[in-house]
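Chemist: Dropping the structure in here first, questions after.
The values are calculated or read from the model by the stated rules, or taken from the named source; none is laboratory data. Worth saying up front: this structure is predicted, and the values here are computed from it rather than measured. Quick reminder, even Gly has a Cβ in these numbers, built from the backbone with ideal geometry, and neighbours come from all protein chains shown. Surface accessibility is based on the protein's heavy atoms, side chains included, excluding ligands, DNA and RNA. Shrake-Rupley method; radii C 1.70, N 1.55, O 1.52, S 1.80 Å.
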Amino acid sequence: EAGVTQSPTHLIKTRGQQVTLRCSPISGHTSVYWYQQALGLGLQFLLWYDEGEERNRGNFPPRFSGRQFPNYSSELNVNALELEDSALYLCASTVGTVSNQPQHFGDGTRLSIL
Amino acid sequence: AQSVAQPEDQVNVAEGNPLTVKCTYSVSGNPYLFWYVQYPNRGLQFLLKYITGDNLVKGSYGFEAEFNKSQTSFHLKKPSALVSDSALYFCAVSPPGFQKLVFGTGTRLLVSP
């Protein structure tokens, strides 16, 4: 069984640019979560999508957005990039929406802002 | 507000010795608790979870965790550490009804040969 896959693995951008990160969940998983792992800030919840809808959002500005497609894959978009957006962005997936299920993580996209 | 505390930035242990990585939580209601491990340049791997029932939970790679409701703790343990256990360990809580994980700051485990 293929795990959660994320692309690209690395990205380098400059301030003010826009970026799109992609995530494919484990087959059969309908919920996708995005987290930011920034140096010194730990792992922070960004977004949760299920059945194509945004279900929950962490404490991030609106320039962080995303969507989930009919095949349950997901994109995370970040506009007007700032230096502090440099981080590892992790995607996770679960079967259904029960919160006692473990989330399965991809290896992340490392975003560097110059 | 929900929170997780991992009081030790790093834990050092010799190979073959028992290890403990500490975690305490603050959340209203009965939480779901998780341990994850992260190796360099990788995502998080699920180790074990506590939902309800027996306070001692067994997980992957010989790890186990003890849930203590009165102390609001969920410490990760292993009877005999391996050098390959060296990694970053995260404790997380999923408050019932909230579809997200709240993570601790992580504890780096270093197992020396």
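Chemist: A:GLN101's amide H: which non-local residues (gap 5+, or another chain) put their own amide H closer than 5 Å, with H modeled 1.01 Å from N in plane and none for Pro or chain starts?
Modeler: For A:GLN101, no residues qualify.
Chemist: Among DSSP beta bridges lying fully in chain B, give the percent that are antiparallel, nearest 5.
Modeler: Just about 85 percent of them are antiparallel.
Chemist: Applying the Karplus parametrisation 6.51 cos²θ - 1.76 cosθ + 1.60 with θ = phi - 60° to the phi angles of region A:68-75, what ³J(HN,Hα) value in whole Hz is obtained for each residue in order, glycine and proline being reported as x?
Modeler: So the Karplus estimates, Gly and Pro as x, are 10, 8, x, 8, 6, 5, 9, 10 Hz.
Chemist: When Lys and Arg each count +1 and Asp and Glu each count -1, what net charge do the other residues less than 11 Å away from B:ASP54, Cβ to Cβ, add up to?
Modeler: With Lys, Arg at +1 and Asp, Glu at -1, the neighbours total -1.
Chemist: Taking beta carbons within 10 Å but only from partner chains, what does the mean come to for residues B:38-48?
Modeler: Across the residues of B:38-48, the mean count of other-chain Cβ atoms within 10 Å is 5.
Chemist: Now for a different question. Long-range amide H contacts for B:TYR32: which residues qualify at under 5 Å (H placed 1.01 Å from N, peptide plane, sequence gap of 5 or more or a different chain)?
Modeler: Excluding prolines and chain starts, which carry no amide H, the hits are B:SER94.
Chemist: Further question on the same structure: Counting only other chains, what is the mean number of Cβ atoms within 10 angstrom of the Cβ of each residue in peptide A:106-112?
Modeler: Neighbouring Cβ atoms belonging to other protein chains average 2 per residue here.
Chemist: In Å² (nearest 100), what accessible area is buried between B and A, both sides summed, heavy protein atoms only, 1.4 Å probe?
Modeler: Approximately 1700 Å², summed over both chains.
Chemist: Average partner chain C-beta neighbours within 10 Å, per residue of A:43-55?
Modeler: 2
Chemist: Of B:LEU110, A:LEU11, which has the most accessible area with a 1.4 Å probe, and how do the rest follow in descending order?
Modeler: B:LEU110, A:LEU11
Chemist: Let me know the whole percent of all Cα-Cα pairs from chain A that are separated by more than 17 Å.
Modeler: Beyond 17 Å sits 50 percent of the P(r) for chain A.
Chemist: Which three extents, in angstrom, do the Cα atoms of the protein assembly as shown have along their principal axes, listed largest first?
Modeler: So the extents along the principal axes, rounded to whole Å, are 49, 36, 36.
Chemist: Rounded to two decimal places and with Rh computed the Kirkwood way over Cα pairs, what is Rg over Rh for region B:3-112?
Modeler: For region B:3-112, the value is 0.95.
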